[in-house]
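Structure first, commentary second.
The values are calculated or read from the model by the stated rules, or taken from the named source; none is laboratory data. The model shown is predicted, which means the values in this text are computed figures rather than measured ones. For neighbour counting, all protein chains shown are included, and Cβ atoms are generated from backbone atoms with ideal geometry for every residue, glycine included.
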């Protein structure tokens with residue numbers, strides 16, 4: 001059985017491609033084109049501020065979609081694993097692989113590759129106060145930001161003047177979604193939803209208020 005064919009196993013990239021993506025992530029973090037977020041929409045998440053075109057210009061030998069998949073499906077998960085499971089050995093993964101009736105030599109190879117991926121992330125992506133930031137968001141009783149959604153519309157007045165506006169929805173939750181876990185298994189999560197309308201001047205005001213808050217906690 002090929003590892004790519006195993007359902008629910010996400011760490012399927014080749015080790016060399018994975019290392020390349022980790023190195024790219026380190027460069028983009030240093031250039032402030034990626035931020036690592038803790039407890040914001042996901043337990044560990046990335047915010048990218050680089051376009052597909054700029055990415056392909058800088059890294060032509062890897063597809064942007066392939067990079068994003070490895071970034072969110074592998075690297076983000078490994079950062080969390082390295083925080084909550086500092087021991088790189090994973091007995092549960094070994095048990096999972098054995099239950100798939102994979103040849104024992106292949107099991108050893110997969111486990112070794114996974115450990116190497118975790119070690120490489122640990123050695124390469126040092127995040128300031130990562131454990132403190134993760135644990136605070138994970139343990140706080142206050143709600144955390146779960147989603148931001150928006151729609152852009154326009155209102156047409158009787159004289160045919162038009163005004164563009166946004167309807168913004170923010171969702172906060174006691175605990176964040178568990179990723180690929182179906183909603184009916186995650187029904188203990190309580191959400192608060194707020195939806196409001198903004199024109200561009202309102203958005204400028206919100207940005208200004210957020211900037212002031214940022215300055216006060218920096």
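Here is the figure for the stretch 55-75: residues that are closer than 18 Å to residue 127 by Cα and without any contact (Cβ under 8 Å) to a residue 40 or more places away in the chain total 1. Here the condition is being touching a helix residue (DSSP H, G or I) at 6+ places or on another chain (Cβ under 7 Å) and either surrounded by fewer than 16 Cβ atoms within 10 Å (Cβ to Cβ) or farther than 20 Å from residue 18 by Cβ (or both); of 131, 84, it holds for 131 alone.
The single residue among 113, 191, 174, 147 that is modelled with pLDDT under 95 and either in the same structural domain as residue 17 (by TED's automatic domain parsing) or within 25 Å of residue 12 (Cα to Cα) (or both) turns out to be 113.
Within the stretch 101-116, being touching a residue at least 40 places away in the same chain (Cβ under 8 Å) and surrounded by 15 or more Cβ atoms within 10 Å (Cβ to Cβ) holds for 102, 110, 113, 114.
When we screen 110, 102 for residues that are part of a loop (DSSP other than H, G, I, E, B) and farther than 23 Å from residue 177 by Cβ, the only hit is 102. Taking residues in the stretch 79-93 that are closer than 15 Å to residue 37 by Cα, and partners anywhere that are modelled with pLDDT under 85 and not in a helix (DSSP H, G or I), the pairs with Cβ atoms closer than 9 Å and at least 6 places apart or on different chains are 79/127. For the residues 119, 137, the requirement of being surrounded by 11 or more Cβ atoms within 10 Å (Cβ to Cβ) and modelled with pLDDT under 95 singles out 137. Residues that are surrounded by 13 or more Cβ atoms within 10 Å (Cβ to Cβ) and part of a loop (DSSP other than H, G, I, E, B) are absent from the stretch 67-76. Restrict the check to the stretch 87-96 and report whether at least one residue is out of contact with any strand residue (DSSP E or B) (no Cβ under 8 Å at 6 or more places or on another chain), within 14 Å of residue 121 (Cα to Cα) and in the same structural domain as residue 35 (by TED's automatic domain parsing). Yes; the residues of the stretch 87-96 include at least one that is out of contact with any strand residue (DSSP E or B) (no Cβ under 8 Å at 6 or more places or on another chain), within 14 Å of residue 121 (Cα to Cα) and in the same structural domain as residue 35 (by TED's automatic domain parsing).
In the stretch 36-44, the count of residues that are surrounded by 13 or more Cβ atoms within 10 Å (Cβ to Cβ) and either free of Cβ contacts under 8 Å to residues at least 24 places away in the same chain or assigned to a helix (DSSP H, G or I) (or both) is one or more.
Filtering the stretch 11-22 to residues that are farther than 11 Å from residue 121 by Cβ and in a helix (DSSP H, G or I) leaves 15, 16, 17, 20.
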